[in-house]
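K.L.:
Structure provided below as structure tokens; questions to follow.
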Amino acid sequence: MTIKLFSVFSLTLSIILISSIFFHFSAALGGVAGGWTPLNDVNSPDVVAIGQFAVNEHNKEAGTKLQFQSITKGESQVVAGINYRLVINAKDGGYVRQKGGGGKGSEPQPIVVQRLSSPIQAVTAAAASSFRENSFGAGDSTKMKGLFKSKPKTPVDLVRQTRELLMYVERVNDTREGKREEKMMELSKSIRELKIILYGNGESEPLAEACAQLTLEFFKENTLRLIINCLPNLNLETRKDATQVVANLQRQQVQSRLIACDYLEANIDLMDKLILGYENTEMALHYGAMLRECIRHQSVARYVLESEHMKKFFDYIQLPNFDIAADAAATFKELLTRHKSTVAEFLSKNYDWFFTEYNSKLLESSNYITRRQAVKLLADMLLDRSNSAVMTRYVSSRDNLRILMNLLRESSKSIQIEAFHVFKLFAANHNKPPDIVSILVANRSKLLRLFADFKTEKEDEQFEADKAQVVKEIAALEPKENK
């Protein structure tokens with residue numbers, strides 16, 4: 001007897017879903033990098049959407065008219081993105097079969113799906129696929145075409161691919177424009193994917209295990225050196241992505257260790273290249289951002305402070321390009337404020353040349369912004385307890401006092417306020433040298449008139465208390481004889 005029926009089949013497919021934006025999965029999926037974990041909810045909208053897409057793609061490939069019914073079971077695996085293995089039930093809308101015969105069929109193999117983001121796009125890859133009718137034997141199984149060739153890339157794979165492409169860019173001067181263009185596009189994609197692993201995609205947080213794998217592989221060989229050397233050859237967007245990757249990796253801990261620090265200590269010459277990057281208009285901001293992240297490591301910051309390059313910052317800060325000058329100023333400030341003990345040691349050893357340069361090139365600069373930033377940074381350095389010995393030495397100099405008093409006369413209220421925070425240290429010094437006292441006494445009436453109307457834009461109790469103390473100290477001064 002021949003019977004027409006609408007048969008339900010267990011469908012096995014292998015497809016890879018790929019998109020330009022990385023899809024980070026939620027903790028609800030319970031994924032651990034590298035292992036397969038059963039899905040808690042195979043009926044979730046996200047998983048069902050993947051199953052429906054798998055059936056649709058099979059219909060296009062095999063010319064069938066299967067209809068998605070349900071997902072029997074599934075597993076997920078964390079790699080650079082997320083893999084799914086699903087067993088899907090699908091309905092054949094008009095399949096004619098001879099009922100009877102056939103032995104017991106084998107269990108259907110689940111589909112393997114990698115989801116990196118939405119919207120979903122399918123690409124060709126090789127994998128054997130089959131489906132069988134639930135109510136019939138193995139002899140009725142029908143084979144489907146394989147769809148895929150490639151496996152999803154792990155974080156380690158991505159780093160290795162990036163390194164190989166960087167090596168190609170560094171050593172090959174390929175006259176075949178098409179070939180080089182293709183490699184550059186691959187490199188841009190790889191670096192972007194590294195960034196997404198480290199930062200997430202805006203919807204989900206990055207996975208700690210994936211970041212650790214990436215970091216270990218990145219610093220196992222000279223990937224950082226390659227990126228720094230090849231950065232000028234990359235397009236603007238890829239430079240930005242590479243800069244963010246390098247910046248993030250400085251903060252990645254693997255087993256409580258910042259392995260980026262170990263690498264930089266062994267390759268400290270890279271700091272020379274980053275610093276000199278300020279002399280390249282196109283690369284300055286990228287290299288500057290990398291440099292600031294690298295000097296988060298105290299040993300690296302010490303190297304930069306003690307290098308001959310430190311003197312160049314006084315010129316970089318005054319470059320005519322505002323963005324580059326501001327970036328150099330930000331790096332300069334980071335060097336002089338982040339690592340307290342290292343900065344105190346540097347200032348003590350290099351006091352004479354450093355403050356000679358600081359006063360003449362920055363505090364007495366013709367550029368308003370330079371003066372303002374310099375006097376604020378000076379206050380930050382001198383008011384830090386770690387620099388107490390340096391502060392005492394600085395406020396004992398009449399030349400330094402003269403510069404600060406001139407800054408108090410600036411038309412800019414912002415500069416005046418910042419200058420006051422340094423000037424008050426001269427007034428509060430209980431061991432003022434006689435020449436300091438003489439200058440303050442000679443200018444007492446002018447100073448008291450200035451402070452009488454000296455106010456901040458917003459009410460500031462601490463500022464008012466400091467000002468009152470300074471006025472009291474100046475009013476009580478008596479001339480000292482020089483010994």
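K.L.:
Can you find, within the range 225-251, the residue that is farthest from the chain's Cα centre (by Cα) among those that are more than 22 Å from Ala301 (Cα to Cα) and of a type in the set (S, T, N, Q)?
P.N.:
Of all residues in the range 225-251, those more than 22 Å from Ala301 (Cα to Cα) come to 230-241.
Still in the running and of a type in the set (S, T, N, Q): 233, 235, 238.
Details: Asn233: 21, Asn235: 18, Thr238: 13 Å.
Across the range 225-251, the extreme among qualifying residues is Asn233.
K.L.:
Could you run through the range 269-295 and say how many residues are surrounded by fewer than 16 Cβ atoms within 10 Å (Cβ to Cβ) and hydrophobic (A, V, I, L, M, F, W, C)?
P.N.:
Filtering the range 269-295 for residues surrounded by fewer than 16 Cβ atoms within 10 Å (Cβ to Cβ) gives 269, 272, 276, 279-282.
Okay, now just the ones that are also hydrophobic (A, V, I, L, M, F, W, C), so 276.
Counting residues in the range 269-295 that are surrounded by fewer than 16 Cβ atoms within 10 Å (Cβ to Cβ) and hydrophobic (A, V, I, L, M, F, W, C) gives 1.
K.L.:
Could I ask something else about it? So for the range 439-452 (the condition being more than 16 Å from Arg409 (Cα to Cα), touching a residue at least 12 places away in the same chain (Cβ under 8 Å), in the same structural domain as His421 (by TED's automatic domain parsing) and surrounded by fewer than 10 Cβ atoms within 10 Å (Cβ to Cβ)), does at least one residue qualify?
P.N.:
Within the range 439-452 (the criterion being more than 16 Å from Arg409 (Cα to Cα), touching a residue at least 12 places away in the same chain (Cβ under 8 Å), in the same structural domain as His421 (by TED's automatic domain parsing) and surrounded by fewer than 10 Cβ atoms within 10 Å (Cβ to Cβ)), the answer is no, since none of the residues qualifies.
K.L.:
Next up: In the range 296-318, how many are in contact with a helix residue (DSSP H, G or I) (Cβ under 7 Å, 6 or more places away or on another chain), surrounded by 17 or more Cβ atoms within 10 Å (Cβ to Cβ) and farther than 17 Å from Tyr358 by Cβ?
P.N.:
Final tally of qualifying residues: 5.
K.L.:
Suppose the filter is surrounded by fewer than 16 Cβ atoms within 10 Å (Cβ to Cβ) and closer than 17 Å to Lys424 by Cα; does Ala379 pass it? Explain how you work it out, then say what you get.
P.N.:
On the way: surrounded by fewer than 16 Cβ atoms within 10 Å (Cβ to Cβ): no; closer than 17 Å to Lys424 by Cα: yes.
So Ala379 fails the test.
K.L.:
Counting residues that are free of Cβ contacts under 8 Å to residues at least 24 places away in the same chain and not β-branched (Val, Ile, Thr), which helices (runs of 4 or more DSSP H) fully inside the range 193-308 reach at least 2? Show your work before the answer.
P.N.:
Values: elements: 208-220, 223-230, 236-249, 259-266, 270-276, 284-294, 298-306.
Those helices (runs of 4 or more DSSP H) span 208-220.
K.L.:
If you scan the range 353-392, which residues turn out to be without any contact (Cβ under 8 Å) to a residue 12 or more places away in the chain and basic (Lys, Arg)?
P.N.:
Within the range 353-392, Arg385 is the sole residue that qualifies.
K.L.:
Answer yes or no as to whether Asn222 is at pLDDT below 90 and under 22 Å from the mean Cα position of the chain (by Cα).
P.N.:
Spelling it out, it is not the case that Asn222 is at pLDDT below 90 and under 22 Å from the mean Cα position of the chain (by Cα).
K.L.:
Okay, next question. One residue is enough: does the range 401-424 have a residue meeting the conditions surrounded by fewer than 18 Cβ atoms within 10 Å (Cβ to Cβ), over 30 Å from Pro320 (Cβ atoms) and free of Cβ contacts under 8 Å to residues at least 60 places away in the same chain?
P.N.:
No, because not a single residue in the range 401-424 is surrounded by fewer than 18 Cβ atoms within 10 Å (Cβ to Cβ), over 30 Å from Pro320 (Cβ atoms) and free of Cβ contacts under 8 Å to residues at least 60 places away in the same chain.
The values are calculated or read from the model by the stated rules, or taken from the named source; none is laboratory data. The structure displayed is predicted, hence computed values, not measured ones. A quick note on method: Cβ atoms are made from the backbone with ideal geometry, for glycine too, and the neighbour counts reach across all protein chains shown.
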